[in-house]
Amino acid sequence: MTAKQVRRVCVYARVSTGRQAKSDLSIPDQIARAERWCEANGAELVETVVESGASATDDNRPQFQKMIEAATSEDRPYDVILGHSLSRLFRNALHFMQYRAALRRANVQIISITQEFGDDEASDLAMGMLSLFDEYQSRENGKHTKRAMQKNAELGFWNGQTPPLGYRTYEAERRGGKSKKKLEIDDDEAFVVRKLYDLYLHGPPGASPLGITRLASWLNEHGYKHRGKKFHVSNVQKILRNTAYIGVAFYNKRDSKKGIVRPEEEWIPIPVPAIIEAADFELVQERLVERQPKMTAARVTTTKNLLIGLTKCGCEGDGCGGGMTRSTGRSGQYKYYACSNRARAGEAACTGRRIPMPNLDTIVLDALERRLLQPERLNALLASWLDHSDKAAEGRRAELKSLRSRQTHLEAGLERLIDLVADGHFSSSDPIFAKKHADQTGQLAQVKDEIVMLERQLANSSRRITPKRIEQFATLLKEKLRADDPALRQAYVRSVVERVEVGTKLIRIVGGTKDLERAIGRVDTMQKGIVPTIERKWRARVDSNHRPQD
């Protein structure tokens, strides 16, 4: 079909980002050019399809799919799909070929306003090559954009995604004509966040702490909103786990295309103002772990094999990365940690390695004592957690004093309003009186809530991380790691170790500072002999220990 034969046209206009769509940078121009093309070619414009803020690298575009469905239906309403360029329709060569074939079967032609093609085989080849180039260019643009956004995050700026509840963006500076934004606290939303944490830790007045499901229901029943929408289990849980509330947001945490979380070492921390105290946040994390139904007590899940489930075959590429399981010698007298892939699939899966259990247990326990459980080392690892304490408590006391003064002022204001009614200056049904009374009553209720939260935070200040608590933790854990009870010993190892990578010449013990901080926060319960809850989600810095010669 040539341009002269065209009768019915559907125009497809697209921009890649919501920001472009809102600022009308491209769509009106695409539509205007398409209208001129239709007029010049005697075509009838029957429909205009607009896709705002969608990439053409995939076909997950609602308006695009509706258009294709109509074009390939029995009573197709148009003969041509018209775009400003092929890249407006496709930036994936495979999708271009698949959809072009489907449209051809329906006798619908794809036409680009800015790129002229004929109907012969050479034109097909040219269009295919151009679609490959568009895909390549899109990927290159994506690389450059990703690098720029990562650099922006490294400099502490916000990249434009929706801020967490409790925050809003502001323009921090301008560079090269571009606005660089950071996050600041939105006081109204921050109050809701603090209330949510307080209810999870302490519950409503006179009631016990609320679980996530009950918490979402309570917030909805009492009129609290998540930016105009209702709370539900998933967004409550997300708020309770978000480290932004203690001052560190993360960029590059999730691969949106693959739908997976990236390795923690690729996350880029962005400093933001804190809304929740670190001690309260970590107490929340403990309770979230304790309340997970899949988490069972250490004494139930442990065995006498200290490192089973933690050991991995290989270190720095020296090995297959599979788990290591228990193995015995021919007599059954000697026990080893051995590569499970080798045991299951033979040398084709892994050349394999094994190490006597007592040897590896001793190496790990000795390394924890010498390399980790020294107060100087722990102080260095936990420098960012080290108090927040006296200064934070002093700040809370000053804020509490200010709030109590505000409470007195509001209560006096309410009494004056009542006096005005009593003296006949206002009627209790007067809308002005009703508005002022409701406003001051609401402010007073919020101030009282904040006072209760601050008082609880001050009462819990004994949980803060101090050099003294670190020293107590180091001494206590050294003792626990040499306990006679193997299940108890294993539980304490797992509270600070995520995995042990076993190579031919190197053994690496991997753990993380957040879990250390959480374990130190539980030092009081440890002193009472309570076994720590096993943590499954640990990441971290690494300590390397050279393997002794056989």
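The values are calculated or read from the model by the stated rules, or taken from the named source; none is laboratory data. Keep in mind that what you see is a predicted model, and the values were worked out from it rather than measured. As a convention, Cβ positions derive from the backbone with ideal geometry for all residues, glycine included, and neighbour counts pool all protein chains shown.
What to note about this one:
- Scope the stretch 305-325; condition touching a Phe, Trp or Tyr at 6+ places or on another chain (Cβ under 7 Å) and either surrounded by fewer than 16 Cβ atoms within 10 Å (Cβ to Cβ) or not in a loop (DSSP other than H, G, I, E, B) (or both); matching residues: 311, 324
- With respect to (1) assigned to a loop (DSSP other than H, G, I, E, B); (2) exposed (fewer than 14 other Cβ atoms within 10 Å of the Cβ), the lone exception for residue 224 is condition (2).
- Out of 274, 348, sole residue that is in a loop (DSSP other than H, G, I, E, B) and at pLDDT 85 or above: 274
- In the stretch 11-30, the condition of being touching a His at 6+ places or on another chain (Cβ under 7 Å), at pLDDT 75 or above and assigned to a helix (DSSP H, G or I) is met by at least one residue.
- Residue pairs meeting the criteria (Cβ under 8 Å; at least 6 apart or on separate chains; first not assigned by TED's automatic domain parsing to the domain that holds residue 235, in the stretch 159-178; second at pLDDT below 85 and of a type in the set (Lys, Arg)): 160/19
- Cβ pairs under 6 Å, 6+ apart, first in the stretch 341-364 and under 11 Å from residue 325 (Cα atoms) and outside the structural domain of residue 312 (by TED's automatic domain parsing), second at pLDDT 90 or above and not in a helix (DSSP H, G or I): none
Here's the yes/no breakdown for (1) touching a His at 6+ places or on another chain (Cβ under 9 Å); (2) part of a strand (DSSP E or B):
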site	(1), (2)
193	no, no
197	no, no
200	no, no
205	no, no
218	no, no
235	yes, no
245	no, no
270	no, yes
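- Restricting attention to the stretch 173-195, the residues being more than 13 Å from residue 452 (Cα to Cα) and either surrounded by 15 or more Cβ atoms within 10 Å (Cβ to Cβ) or touching a Pro at 6+ places or on another chain (Cβ under 8 Å) (or both) number 11.
- Summed over the stretch 207-216, the residues that are surrounded by fewer than 15 Cβ atoms within 10 Å (Cβ to Cβ) and not in a loop (DSSP other than H, G, I, E, B) give a count of 1.
- Consider the stretch 470-520 and keep the residues that are at pLDDT 80 or above and of a type in the set (Ser, Thr, Tyr). The one that is farthest from residue 285 (Cα to Cα) is 504.
- Candidates in the stretch 412-436 are the residues that are acidic (Asp, Glu) and either at pLDDT 85 or above or loosely packed, with under 14 Cβ neighbours inside 10 Å (or both); of these, the one that is farthest from the chain's Cα centre (by Cα) is 423.
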